[in-house]
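Working notes, beginning with the structure itself.
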Amino acid sequence: MKFRPHLLLLAAAARVLAQTDPATEPSVQAVAKAMPAVVNINTERIIQRTVRDPRDELFNQFFGGPMRRPRVLSQKVQSLGSGFIVDAAGYIVTNEHVVERAAELKISVTTNDGKTYTAKYIAGSQDADLAFLKIDTKEPLPFINLADLSPNLLGETVLVLGNPLGYGSSVARGILSAKNRTVALGEAEYKGLIQTDAAINPGNSGGPVVDLSGKLVGVSSVKMAYTPQGVPTQGLGFAIPGDIVRERVADFKKIAANPKAAKEAEDAKVRARKFFGLTLQDLTPKLAESLGFDPGAGVLIADVDARGVAERAGLKQGLVITQVGRYEVASVQQIEELLKAVDSGSQVDFTVGIIRRANGRNLRQSETVQLIAK
């Protein structure tokens, strides 16, 4: 066989060309796979505020009422976010904070091919910061498969897809920097988040974070621009892990399939919350510090119904429930679950913690109150 060096050179050149072809880059292929499922979410709601004339105070003081009826001004408030389709039938995942107050909202969804739909809010979870929407189409839509998630390995390359600042179909690249992070934003605390140095900006919220195979890593949630002490930060973005998203979507689909049963379940939770005339609130780090308790060391009594069984037993707004029966409690959800099993006429022991100041020191005392369910 005759040796043909020019053929070897051609083969080598072809291999180099294939390696440098942008279309073969894993990130390009991952974007091509996942981006068709990414949507832009535009929410709109009308807020009203009452405007009074300063002279009304004079009329109130001397004539017992205003000289004219106060004006009510309406203002349209819009916000932008991202989301992604998780089912060919048109179900969409986004952040709850993107579509908060959904009952008062007009939710508009624009798919990656430029089509715009009016979306219906199906369900949401404030603690997970996830919401579930539905758009109606005649044809199946491209979607990100939640059955096959990224392994979420430290250091793996991740891509943030979405619509930052209203710029649609944007891509940011980084790595998975850390897992199981806790982030406190105001009174809310989010646990188990993924950390990434890929750029997450306003408008990215609710969009997908994927790996180089196009599999879901998580849902963009928050970016930390400053530490609690006011120190600027860089490369600290956080996402809700894919396994949490998959779990919540399964619950949301049950609600979509049987909204009546879902409403009954929600009503049961409300009944449990108000079973003894108590309105409860999770003890956030900020609240815990102001009350002298450790975060997660109980549940705050935010309100007590007048003349209710709890008030008659001496429970007051501002006290902290640390135990129900023999179980220590750290969240409202725990108490709700415990109270679901309580029948009318049953006795329930609530242990409340009280911080008292003595000799310049904070002393914690406990007191058990017995309540009878009605």
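Exactly one condition in (1) modelled with pLDDT of 90 or more; (2) surrounded by 17 or more Cβ atoms within 10 Å (Cβ to Cβ); (3) not hydroxyl-bearing (Ser, Thr, Tyr) is not met by Ala89; state its number.
Looking at each condition in turn, Ala89 falls short on (2).
I want to confirm something. Restricting to region 178-214 and keeping residues that are over 10 Å from Val158 (Cα atoms) and among the polar types (S, T, N, Q), which single residue is surrounded by the fewest Cβ atoms within 10 Å (Cβ to Cβ)?
Asn180
So for region 215-227 (the condition being among the hydrophobic types (A, V, I, L, M, F, W, C), surrounded by fewer than 23 Cβ atoms within 10 Å (Cβ to Cβ), at pLDDT 95 or above and not assigned by TED's automatic domain parsing to the domain that holds Phe350), does at least one residue qualify?
The answer is no; no qualifying residue exists.
Among (1) of a type outside the set (Lys, Arg); (2) modelled with pLDDT under 90; (3) surrounded by 11 or more Cβ atoms within 10 Å (Cβ to Cβ); (4) over 17 Å from the mean Cα position of the chain (by Cα), which single condition is Leu80 missing?
Failing condition for Leu80: (4).
Which residues, counting only those in region 103-133, are surrounded by fewer than 20 Cβ atoms within 10 Å (Cβ to Cβ) and closer than 22 Å to Ala250 by Cβ?
Those that are surrounded by fewer than 20 Cβ atoms within 10 Å (Cβ to Cβ) and closer than 22 Å to Ala250 by Cβ: Lys120, Tyr121, Ile122, Ser125, Gln126, Asp127.
With respect to Val299, is the statement that it is over 34 Å from the mean Cα position of the chain (by Cα), surrounded by 15 or more Cβ atoms within 10 Å (Cβ to Cβ) and at pLDDT 80 or above true?
no
Out of Leu176, Leu141, Leu165, Leu153, I need the residue that is touching a helix residue (DSSP H, G or I) at 6+ places or on another chain (Cβ under 9 Å) and either part of a strand (DSSP E or B) or of a type in the set (A, V, I, L, M, F, W, C) (or both). Which one?
So the residue among Leu176, Leu141, Leu165, Leu153 that is touching a helix residue (DSSP H, G or I) at 6+ places or on another chain (Cβ under 9 Å) and either part of a strand (DSSP E or B) or of a type in the set (A, V, I, L, M, F, W, C) (or both) is Leu141.
The values are calculated or read from the model by the stated rules, or taken from the named source; none is laboratory data. It should be emphasised that the depicted structure is a prediction, and the values quoted were computed from it without experimental measurement. When we count neighbours, we look across all protein chains shown, and the Cβ atoms used for this are built from the backbone with ideal geometry, even at glycine.
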